[in-house]
Structures are given as C-alpha cells and as structure tokens.
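The values are calculated or read from the model by the stated rules, or taken from the named source; none is laboratory data. Keep in mind it's a predicted model, so treat the numbers as computed, not measured. A quick note on method: Cβ atoms are made from the backbone with ideal geometry, for glycine too, and the neighbour counts reach across all protein chains shown. The protein model used for the area step is the full one, side chains on, heavy atoms only, and it has no ligands, DNA or RNA in it. Shrake-Rupley method; radii C 1.70, N 1.55, O 1.52, S 1.80 Å.
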Amino acid sequence: MRFYFALLIGLFSLPLMAAESHVCHSQSYDYASIGKLRLSDDTTFTCRGVGQFTIPDLAKRGWKVIHVAQQTEYTGDVDSDSEVIKMYQEIVVYKE
C-alpha cells in the first residue's frame, strides 16, 4: 500500500518539477546604431511570461542562458529606399 501511495504522490509532483524555457529579445536598433547592440551585463531582455531582465538578473533567479544569437529584421521592401534593417540580441533561457 505504501508503494502505491508513494507512486501516486510521485506522479502528481512531476508537473511541479517540469523545466521551463523562454526566448528573450533585447531592444532592436537600426543598422546605423549598431554600436548600441553590443551584448553586456546591462543589456535588458524581454522574456514573455517572465519579464524584463539583464543576464545577471536572470542568473540570480535561477535561469541559465543556453543560446545567444544576433538577429536581423528587415522592414519595408528589400533593396528599396523604404527598407529598414533592425538588429537585436536573442537569448534562450532555461530553468529546471
């Protein structure tokens, strides 16, 4: 009987132990302002469902950065005068 009780408690606690992961983005900058894009401890990331944090803030809350990428976003028509290139940092965070 104890075995089944322990098994039942273990099965119901699994969702509470599930890992969590999010994709976070920094502020985007025009290509002309690319110098502001440099990744640092002061770079603020917006993580949906988590909030806005720097990498040190995320680490203090138990999150681990598992991927970093620089992303490029094109707005307007490519190769035209209305084209605007925006760039931002993207990180993927993970927490057990």
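Counting only strands (runs of 3 or more DSSP E) that fall entirely inside segment 44-96 and contain at least 2 residues that are open to solvent by less than 70 Å² (accessible area, probe 1.4 Å), over 16 Å from Ser28 (Cα atoms) and not hydroxyl-bearing (Ser, Thr, Tyr), the qualifying elements are 84-95. Give segment 18-28 a look and list any residue that's under 19 Å from Ile55 (Cα atoms) and not charged (D, E, K, R), or say none. Once the filter is applied, which keeps residues that are under 19 Å from Ile55 (Cα atoms) and not charged (D, E, K, R), segment 18-28 yields Ala19, Ser21, His22, Val23, Cys24, His25, Ser26, Gln27, Ser28. Scanning segment 22-54 for residues that are of a type in the set (D, E, K, R), at pLDDT 90 or above and touching a strand residue (DSSP E or B) at 6+ places or on another chain (Cβ under 7 Å) yields one hit, Arg48.
Taking segment 27-43 as the range and being of a type in the set (A, V, I, L, M) and surrounded by 11 or more Cβ atoms within 10 Å (Cβ to Cβ) as the test, the residues that pass are Ile34, Leu37, Leu39.
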